[in-house]
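Derivation of every value follows stated rules applied to the coordinates shown; laboratory data play no part. Bear in mind the structure is a predicted one, so any value in this text is a computation, not a measurement. Because the Cβ atoms are built from the backbone with ideal geometry, glycine has one as well, and the counts that use them run over all protein chains shown.
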Amino acid sequence: MSVLCEETAVTARLLPDDAASGRLRDLAAHQQVFGAPAPAGALTSTAIVAMVEAAGLTGRGGAGFPMARKLKAVAAGGSPVVVANGAEGEPASSKDKVLLSLVPHLVLDGLQLACRAVGATEAYVYVHEGPLVAMMSSIISTRAALGIDPVTPKLVSAPARFISGQESAVVSRLDGGPALPMAVPPPVYLKGVHKSPTLVQNVETLAHLALLVRRGSGWFRSAGTEAEPGTMLCSVTGAVAHKGVVETPVGTSISAVLERAGGVDGDLQAVLVGGYHGAWLPGSAALDLPLSLAGLRPHGATPGAGVVVALSTRTCGLVETARVVDYLAAQSARQCGPCLNGLPAMAETLGRLARRDRTPGLVERVHQLAGLVERRGACHHPDGTVRFVRSALTVFAAEVDRHLAGGCTATDRAAVLPTPRTRGGAS
Amino acid sequence: MNQTLAVNWIACDGRGLCAELLPERITPDEWGFPVVDGHPMGPDLLPDARRAVAACPTLALRLAATGR
């Protein structure tokens, strides 16, 4: 599952050395490696927030929001709620599943610290339906029986859909509703689960929190960049020798990340960073770019939740994009008109381009639809989809022209980007 | 104070009344959902804007001081 090489020993903080074995690190082993967590009351809320601020830890769920700011905002309200969000909806992402499967105690330690930081007495662990539910349930019970955690979290699961991990969808689900995004405002840090201020943090962010409180903010900053410190988990897939999760310092070049996954299998055509709401980058330009917000922003991309997909010259980027947009259209919550109507229309038009339909105006139609759905939804599903589509039309422009002339360069028709057949929204 | 129109996209059904009452700022898209011109509303348009907000059968339209 995970890919490890010599370098891993230096950079891996969260993932164990034997990650490739897929073996769970149980509580005894966990405490042997990291020591027992600080006893309740040993650290004040202010001290934890100050450490997080000094460390510069940002959210690892995709948005990269500074954790200290979220902690302060939630702590300022009454009866806050904390959620460990492990519902990664990106089909190309597996880092949260891997993290929870290997080092769940790190995440649960972090959840306790987050509760202490904001003064919460109510906490949740939120995961997709599947094998993690039983596993996490048993681990939470074990810790409760041993009296390790001042706040015993409740486990809640949601169907594995693209958008079920979106913050307001998480809150809706925890309030007993469907795991679908809700209208904003107010933001969940002001008014979330049963209208209380709610801290929703990705499970990887909480694992980093558990370590930085044990080891200090200086230690945390000893990896990564000045502006974006620490390490990050990356799900590397596509045309690489060893698909899986690697942990690298933030700001590691994309070429080094691909090397960590065994290197590119074939000639690199393009790289998708940030997942299906992310952006394609041309292979030649992508290799030297650092996987960080600062490094990717000038290229219209972000690291998102650490998804990196290599596409070789064997595969048609347009066909891959069309299939993913079809998947994304099906994953719409079907709550907002422009998304409900616009994404299927966009998928249909891209599908015609992919099938080498030579009707004039198809590319213009995709751009028109992109303009019609952008910023016209309750969540970022349409916006993220538009970013993905526009980057594809830019990076695969030559391939689009070839298709419009009836050709295609691909030699291998096998699907590279995963598009699971799950139901979308409320329908 | 400048005011702009904001749509609650989950509530909006695309009935189109707002576009009829405030064609200067709202046009229906190809599916009937409002495309809102984001420019701030001058005092001349505010009465019609308020009428459009009040007329929305799903209460999906509101006037906001800033942002969308």
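A:Lys95: which lysines have alpha carbons under 19 Å from its alpha carbon, excluding same-chain residues fewer than 8 sequence positions away?
A:Lys243
Does anyone have the angle between helix B:46-55 and the longest principal axis of chain B? Alpha-carbon axes, 0 to 90°, nearest 10?
So the helix axis and the longest Cα principal axis differ by about 30 degrees.
Where does chain B land at 222 nm, in deg cm²/dmol rounded to the nearest 500, when only DSSP H runs of n ≥ 4 count, each adding -39500 (n - 2.57), divided by all residues?
-5500 deg cm²/dmol
Give me the distance in nm between label points sitting 7 Å out from Cα along the Cα-to-Cβ direction at A:Ser79 and A:Ala50, one decimal.
It is 3.1 nm.
With +1 on each Lys and Arg Cβ and -1 on each Asp and Glu Cβ, how big is the dipole of the protein assembly as shown about its Cα centre, in debye rounded to the nearest 20? Don't skip to the answer; put the middle values down first.
Details: 44 positive and 41 negative charges, 156 e Å.
I would put it at about 740 debye.
Loop only per DSSP, at most 12 neighbouring Cβ atoms within 10 Å: give me the trypsin sites (Lys or Arg not before Pro) in the range A:20-70, ordered by residue number. Mind showing how you got there, number by number?
Details: sites: A:Arg23, A:Arg25, A:Arg60, A:Arg69, A:Lys70; in loops: A:Arg23, A:Arg25, A:Arg60.
Answer in residue order: A:Arg23.
Bins of 20 Å, beginning at zero and ending with the bin holding the largest distance: percent of Cα pairs per bin for the protein assembly as shown, please.
23, 53, 23, 1
By how many nm would the segment from A:Asp357 to A:Gln32 grow when fully extended, if each residue of separation counts as 0.36 nm and the alpha-carbon distance is taken off?
Full extension from A:Asp357 to A:Gln32 adds 110.9 nm.
Would you kindly derive the ³J(HN,Hα) couplings of the range A:287-303 from the backbone phi angles with the Karplus curve 6.51 cos²θ - 1.76 cosθ + 1.60 (θ = phi - 60°), listing them in order in whole Hz, with x for Gly and Pro?
With the stated coefficients, the range A:287-303 comes to 4, 8, 6, x, 7, 7, 4, 5, x, 9, 3, x, 9, x, 10, 9, x Hz.
Would you mind estimating how fast the range B:4-64 diffuses translationally, via Stokes-Einstein at 10 °C and 1.306 mPa s with the Kirkwood radius over Cα pairs, in µm²/s?
142
Can you grab the distance from the C-alpha centre of the range A:360-427 to the C-alpha centre of the range A:277-310, Å, no decimals?
18
Kirkwood Rh and Cα-based Rg: tell me the resulting Rg over Rh for the range A:317-404, rounded to two decimals.
On the Cα set of the range A:317-404, Rg over Rh gives 0.95.
Based solely on C-alpha atoms, express the radius of gyration and the Dmax of the range A:6-221 in angstrom.
16.1, 48
Normalise the Cα radius of gyration of the range A:268-319 by 2.2 N^0.38 Å (N = residues in it) and let me know the number.
It is 1.04.
5 Å is the cut-off here: which amide hydrogens, built 1.01 Å from N in the peptide plane, fall below it relative to A:Leu180, excluding neighbours closer than 5 in sequence?
The answer is A:Arg173.
How high is the FRET efficiency between A:Ser222 and A:His194 when r is their beta carbon distance and R₀ equals 30 Å, given to the nearest 0.05?
Taking R0 as 30 Å, the efficiency between A:Ser222 and A:His194 is 0.15.
Starting at the first residue of the range A:250-266, write each ³J(HN,Hα) from the Karplus equation 6.51 cos²θ - 1.76 cosθ + 1.60 with θ = phi - 60°, in whole Hz, x for Gly and Pro.
4, x, 5, 5, 4, 4, 5, 5, 5, 4, 4, 9, x, x, 6, 8, x
How large are Rg and Dmax for the range A:231-312 when only the alpha carbon atoms are used, in Å?
That works out to 10.8, 29 Å for Rg and Dmax.
On a straight-distance basis, which lysines could pair with A:Lys191 in a cross-link, Cα separation under 18 angstrom, same-chain partners fewer than 8 positions away excluded?
Excluding near neighbours in sequence, the set is A:Lys70, A:Lys72.
Taking the Cβ of A:Val171 as the center, what net charge do the other residues with Cβ under 11 Å away carry, scoring Lys and Arg +1 and Asp and Glu -1?
Result for the local shell: +1.
Just grab the label-to-label distance for A:Leu146 and B:Trp31, each label 7 Å out from Cα along the Cβ direction, in nm (one decimal).
Taking the two extended label points, one gets 5.0 nm.
Once you have a ≥ b ≥ c as the square roots of the Cα gyration tensor eigenvalues for the range A:41-148, tell me rounded if a/c is under 1.5, and otherwise prolate or oblate according to whether a/b is larger than b/c. Can you show the working numbers first?
Details: a/c = 1.96, a/b = 1.29, b/c = 1.52.
Taking the square roots of the gyration eigenvalues as a ≥ b ≥ c, the range A:41-148 is oblate.
Dividing the alpha-carbon Rg of the range A:249-405 by 2.2 N^0.38 Å yields what? Please report the intermediate quantities before stating the final value.
Details: Rg = 15.5 Å, N = 157, 2.2 N^0.38 = 15.0 Å.
Dividing the Cα Rg of the range A:249-405 by 2.2 N^0.38 Å gives 1.03.
For chain A, what's the relative contact order in percent, using C-alpha pairs closer than 8 Å and at least 6 residues apart?
For chain A, the relative contact order is 17 percent.
Skipping prolines and chain starts, which residues have an amide H placed within reach, meaning under 5 Å, of the one on A:Met232, given they are 5 or more residues away or on another chain?
A:Thr248, A:Val250
In chain A, what % of DSSP beta bridges are antiparallel (nearest 5)?
Close to 50 percent.
Using the Karplus curve 6.51 cos²θ - 1.76 cosθ + 1.60 with θ = phi - 60°, what ³J(HN,Hα) values do you get for each residue of the range A:330-341, in whole Hz, with x for Gly and Pro?
Ordered by residue, 3J(HN,Hα) equals 5, 8, 4, 5, 6, 9, 10, x, x, 6, 4, 8 Hz.
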